[in-house]
Amino acid sequence: QVQLVESGGGLVQPGGSLTLSCAASGSIFSRYAMNWYRQAPGKQRELVAGISSGGSTNYADSVKGRFTISRDNARNTVYLQMQMNSLKPEDTAVYYCNANYEGFTRNYDYWGQGTQVTVSS
């Protein structure tokens, strides 16, 4: 059974740090790009950072230099992490782990349940 389980959210003061983790269970995920999205109240879900199956990374401009995404492809589970430094109140959102594969005829997407990150003094 494939599933994505996130952890690591919480309340942090501005300028602080948090690490988000996601365990993607299923051997298929080693071939998937892994991403972190976030959704703030009243806003659309946005891509924060992504890492390809080969390890190439990309970041939203708003988090470049502050967030770092990484992955570890274990035997049947992909462990995804995102280190978030110098957090700002505008980083407050629900963060979602996503696994994406672009097939020949369709895309495949799996989502975690989300974890709340609140940056406030």
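Out of the residues in region 65-76 meeting the condition of being modelled with pLDDT of 95 or more and more than 22 Å from residue 13 (Cβ to Cβ), tell me which one is nearest to the chain's Cα centre (by Cα). The extreme case among them is 69. For the condition closer than 15 Å to residue 18 by Cα and open to solvent by 20 Å² or more (accessible area, probe 1.4 Å), residue 116 qualifies. With respect to the conditions (1) open to solvent by less than 40 Å² (accessible area, probe 1.4 Å); (2) farther than 19 Å from residue 13 by Cα, residue 91 falls short on a single one, namely (2). Residues that are of a type in the set (Ser, Thr, Tyr) and over 21 Å from residue 86 (Cα atoms) were ranked within region 28-73; the one that is most open to solvent (accessible area, probe 1.4 Å) is 56. Taking region 64-104 as the range and being within 20 Å of residue 29 (Cβ to Cβ) and either part of a loop (DSSP other than H, G, I, E, B) or aliphatic (A, V, I, L, M) (or both) as the test, the residues that pass are 69, 74, 75, 76, 78, 80, 82, 99, 103, 104. Please find, within region 1-17, the residue that is modelled with the lowest pLDDT out of those that are open to solvent by 30 Å² or more (accessible area, probe 1.4 Å), over 11 Å from residue 80 (Cβ atoms) and aliphatic (A, V, I, L, M). That would be 2.
The values are calculated or read from the model by the stated rules, or taken from the named source; none is laboratory data. Nothing here was measured: the structure is a model prediction, and the numbers come from that model. Cβ sites come from the backbone with ideal geometry, for glycine too, and all protein chains shown count toward neighbours. The protein model used for the area step is the full one, side chains on, heavy atoms only, and it has no ligands, DNA or RNA in it. Shrake-Rupley method; radii C 1.70, N 1.55, O 1.52, S 1.80 Å.
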